[in-house]
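Here's the structure we're looking at; comments come further down.
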Amino acid sequence: MKLDKAFLERAKKLHNQDRLYGTTTMGARGQVVIPAKARADFKLKAGDQLLVLGKFGKVLAFMKADQMEEFVNMIMDHVAGTSAESLAKTHITKLFGSLKKSKKNS
């Protein structure tokens, strides 16, 4: 897959935003406190809905639910017309399928 200059610039900008905010401890009910600096940087407020994502069986991440569409569109823009497009569509459909199922069960 050939990466264009715009993609590489965007990736560099995103990597420059990587942060380690510290640690948190999960309580008995599965609750965690998101560090204040992270809440400020991501403009999180009480009542915001967060998606909880897992990757490689090792990484746990949160994303504001209302930003998921923009994130998916950005990914699809970069893989459009490449051999990775079909794989990305399949994976995204699989993820959103499980999200829809979990919403029904809630």
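The values are calculated or read from the model by the stated rules, or taken from the named source; none is laboratory data. This one's a predicted model, so the numbers in the text were calculated from it and none came from an experiment. Every residue, glycine as well, gets a Cβ built from its backbone with ideal geometry; the counts of neighbours run over all protein chains shown. In case anyone asks, the SASA skips ligands and DNA or RNA and just uses the protein heavy atoms, side chains included. Shrake-Rupley method; radii C 1.70, N 1.55, O 1.52, S 1.80 Å.
If only residues of region 35-62 that are in contact with a helix residue (DSSP H, G or I) (Cβ under 7 Å, 6 or more places away or on another chain) and either surrounded by 10 or more Cβ atoms within 10 Å (Cβ to Cβ) or among the β-branched types (Val, Ile, Thr) (or both) are counted, the one that is farthest from residue 94 (Cα to Cα) is 50.
The C-beta contact set for region 67-92 (first residue on the phi < 0 side of the Ramachandran plot and among the acidic types (Asp, Glu), second residue part of a helix (DSSP H, G or I) and surrounded by 11 or more Cβ atoms within 10 Å (Cβ to Cβ), distance under 7 angstrom, 6+ apart or interchain) comprises 85/79. The set of residues from region 8-34 being within 23 Å of residue 75 (Cα to Cα) and open to solvent by 60 Å² or more (accessible area, probe 1.4 Å) comprises 8, 9, 10, 12, 13, 14, 15, 16, 17, 18, 19.
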